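In what follows, a single structure is set out as structure tokens and then discussed.
The values are calculated or read from the model by the stated rules, or taken from the named source; none is laboratory data. Everything numeric here is computed off the predicted structure, so don't read it as measured data. Cβ placement follows ideal geometry from the backbone for every residue including glycine, while neighbour counts extend to all protein chains displayed.
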Amino acid sequence: MHLVIGGAKQGKLQWVLQEMSGVASQVAYTCDEAKNMPIWNALHEEIRRLMLLGQAPGKAVEQVLFQNPEITILCDEIGCGIVPVDAFEREWREQTGRICCMLAQRAERVDRVFCGIAACIKPEAPV
């Protein structure tokens with residue numbers, strides 16, 4: 001699994017599509033789609049959606065990884081900045097941060113994209 005993080009509108013998806021020679025039709029936006037697609041964009045939004053439905057986003061992400069261990073996952077960094085007053089918004093940030101920590105630990109590679117430029121923060125282990 002490959003994790004790509006970065007701020008909103010920083011070019012993560014464009015960078016991944018270019019690196020993978022991919023096309024927009026290969027991009028998933030929900031857990032169900034991600035089980036069969038090479039790229040999963042906007043993980044943070046799916047976590048929010050699942051939380052609003054009262055579902056456990058961590059379990060849903062685990063299911064995706066079990067069925068699609070080679071997936072590339074993109075997530076906005078949402079934990080920086082002013083702490084929201086709203087309890088749900090704080091919990092969403094917490095859940096997203098914890099899930100991204102788990103993904104980064106298990107990922108073969110982690111990249112951070114800023115202004116369309118990627119910096120590898122966890123390189124793939126040598127073969």
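Can you tell me which residue in segment 8-31 is farthest from residue 121 (Cα to Cα), limited to those that are of a type in the set (Gly, Ala, Ser) and surrounded by fewer than 16 Cβ atoms within 10 Å (Cβ to Cβ)?
By that ranking, first place goes to 25.
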So which of 112, 98 is basic (Lys, Arg) and assigned to a strand (DSSP E or B)? 112
When (1) surrounded by 14 or more Cβ atoms within 10 Å (Cβ to Cβ); (2) farther than 16 Å from residue 4 by Cα are applied to residue 96, the one that fails is (2)
Out of (1) assigned to a loop (DSSP other than H, G, I, E, B); (2) within 22 Å of residue 12 (Cβ to Cβ); (3) not hydroxyl-bearing (Ser, Thr, Tyr), the odd one out for residue 84 is which? (2)
Evaluation of residue 90 against (1) within 19 Å of residue 114 (Cβ to Cβ); (2) out of contact with any helix residue (DSSP H, G or I) (no Cβ under 8 Å at 6 or more places or on another chain); (3) surrounded by fewer than 18 Cβ atoms within 10 Å (Cβ to Cβ) (one fails), failing number: (1)
Tell me, please, whether a residue that is of a type outside the set (A, V, I, L, M, F, W, C) and touching a residue at least 60 places away in the same chain (Cβ under 8 Å) can be found in segment 20-41. no
Counting only residues that are in contact with a helix residue (DSSP H, G or I) (Cβ under 8 Å, 6 or more places away or on another chain) and in a loop (DSSP other than H, G, I, E, B), which one in segment 1-35 is modelled with the lowest pLDDT? 22
Taking the criterion of being exposed (fewer than 13 other Cβ atoms within 10 Å of the Cβ), more than 25 Å from residue 116 (Cβ to Cβ) and of a type outside the set (S, T, N, Q), would at least one residue in segment 64-79 satisfy it? yes
